[in-house]
Protein chains: 2
Amino acid sequence: MSRTKARTALLQELEAAMRRSSAQGVLYGQTVANVAGIANSDLECMDILYLEGRVTAGRLAEVTGLTTGAITGVIDRLEKAGLVRRERDEKDRRKVFIAVVPEAAMKIGQFYVPMQQAMEKVFGAYSDEELRLLLRFANEGYKGVLAATEALKSLLDTPPEKRPDLKLKKLR
Amino acid sequence: MSRTKARTALLQELEAAMRRSSAQGVLYGQTVANVAGIANSDLECMDILYLEGRVTAGRLAEVTGLTTGAITGVIDRLEKAGLVRRERDEKDRRKVFIAVVPEAAMKIGQFYVPMQQAMEKVFGAYSDEELRLLLRFANEGYKGVLAATEALKSLLDTPPEKRPDLKLKKLR
DNA sequence: CTAAATCTCTTAGTGACTAAGATATATGTC
DNA sequence: GACATATATCTTAGTCACTAAGAGATTTAG
């Protein structure tokens, strides 16, 4: 029992630590947007473009959870700033692909240097094997959060009175 | 050289994986705010109140990076929703402490259940020792991100022409 | 060839945000 | 103790990104 108790405490501490660091990560992003002089959502879209490459406007709406109308605004601003280009799909002319302009986007990349340096320092203290564990966790964590997001969204479509009444383990 | 190369690749993969999962974490938060019917910043403040306990309005502004005026709005909305209470400090009557109303805040806590369940499942696959490694990393990562945020902010105060010209290791 | 579906953009209206300053209280100096 | 300065929150006016609804353009299905 003292075994499980220790683990419970550990899990709780872990949850708090992850929330703290993830909250700080959000703040870092806000600061980058601020320094770069672009809106938060604009930066988020740049991030998606970096991770996914050339994507359609609709895909951006899907991933960010914004309406297509809002995305039009995002792209307008990013295009005006010279950070991305609209490219009509020749196969299906309804679609608009968004592509980053590499040279301009590098200016934004600069603002991630402090973060990269900090992370390099942190990672430096870990062995290859430990890093592999962290990688495994990051990937599994991603899948978990993705699934949780879907579960929560489906809750949105369920009328409140017939929701499966989530049980709280404890006061969050 | 092949050793270092493997590590470089590992670090790169790790960075991408962490960005992905942290981006998805942001989306989870947005979805919670949506389902709960409150603004994003309002939820962020609830989170801070959970992590730090009873704090002043000014502290909320400091931590979120919002102006005090914006925080007034946040608190107004949260108070109207019955989620927090304003409590004037009797020692220093200029200050206003914000305290969560536990019963009402639990309704928000519900929306974190899918996330908790997902994380429980993920964590379940790790030994106590591995979890301790993750905890160590989360704590060090937090400190790193915090420091990086400060470094970036100080960059904001430096006029662009005399910035120490950050060198990019590679296109982000 | 027409109807329905899909993708992006447009428009009008809303709400959270900032900047600047007002208000209230506290602290330091003489 | 009175006055100036500092600190903490709130108010106001104006701005900007967002949503909802629907229009326009193109593709797909019958």
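Some notes on this structure:
- Near the amide H of A:VAL55, within less than 5 Å, lie the amide hydrogens of A:ILE98, all on another chain or at least 5 residues away, with H placed in the peptide plane.
- Residues whose placed amide H lies under 5 Å from that of B:VAL84, excluding near-sequence neighbours: B:GLU79, B:VAL101
- Taking the inverse of the mean 1/r over every pair of distinct Cα atoms in region B:76-159 gives a Kirkwood hydrodynamic radius of 17.2 Å.
- Neighbour-count ranking [beta-carbon atoms within 10 angstrom, fewest first] of A:PHE97, B:PHE123: A:PHE97, B:PHE123
- Candidates A:ALA151, A:ALA138, A:ALA16, ranked by Gaussian network fluctuation over chain A, Cα under 10 Å, top entry: A:ALA151
- Here, region A:1-63 is characterised by an Rg to Rh ratio of 1.25, where Rg is the alpha-carbon radius of gyration and Rh the Kirkwood radius.
- Counted by neighbouring Cβ atoms within 10 Å, the residues B:THR67, A:THR56, A:THR64 run from fewest to most as B:THR67, A:THR56, A:THR64.
- Extension gain, A:ASP89 to A:LYS121: 0.36 nm times the residue separation minus the Cα-Cα distance gives 7.2 nm.
- Relative compactness, the protein assembly as shown, computed as alpha-carbon Rg over 2.2 N^0.38 Å: 1.05
- Residue separation of B:GLU52 and B:LEU146 scaled by 0.36 nm, minus their Cα-Cα distance, works out to 32.2 nm of gained length.
- Approximate spin-label separation B:ALA9-B:ARG132, in nm, with each point projected 7 Å along Cα-to-Cβ: 3.2 nm
- Helix B:68-80 vs. chain B, principal-axis angle (Cα, 0 to 90°, nearest 10): 60 degrees
- Across region B:101-111, computed HN-Hα scalar couplings (Karplus, 6.51 cos²θ - 1.76 cosθ + 1.60, θ = phi - 60°) run 8, x, 4, 5, 5, 4, 4, 6, x, 3, 6 Hz from first to last residue, x flagging Gly and Pro.
- Which listed pairs, of A:LYS107/B:LYS153; A:LYS107/B:LYS143; A:LYS121/B:LYS153; A:LYS80/A:LYS107; A:LYS153/B:LYS121; A:LYS153/B:LYS107, have C-alpha distances above 23 Å, in listed order: A:LYS107/B:LYS143
- Taking amide hydrogens as placed 1.01 Å from N in the peptide plane, the amide H of B:LYS95 sits under 5 Å from those of B:ASP89, each at least 5 positions away in sequence or on another chain.
- Between the Cα long axis of helix B:113-123 and the first principal axis of chain B there is an angle of about 30°, rounded to the nearest 10.
- Residues considered: A:LEU135, A:LEU27, A:LEU146. Largest GNM mean-square fluctuation over chain A, using C-alpha springs under 10 Å, is found at A:LEU146.
- Max mean-square fluctuation residue, GNM over chain B, Cα-Cα springs under 10 Å, options B:MET18, B:MET119, B:MET106: B:MET18
- A simple rule links phi to the HN-Hα coupling: the Karplus curve 6.51 cos²θ - 1.76 cosθ + 1.60 with θ = phi - 60°, which for region B:35-51 gives 5, 6, x, 10, 6, 4, 5, 4, 5, 4, 5, 4, 5, 5, 4, 5, 6 Hz, with x for Gly and Pro.
- Spherically averaged projected area of region B:2-125 from its Cα convex hull (nm²): 10.7 nm²
Read-outs throughout are calculated quantities, based only on the coordinates presented, and are distinct from any laboratory measurement. Keep in mind it's a predicted model, so treat the numbers as computed, not measured. Reconstructed Cβ throughout: ideal geometry from the backbone, glycine too, with neighbour counts over all protein chains shown.
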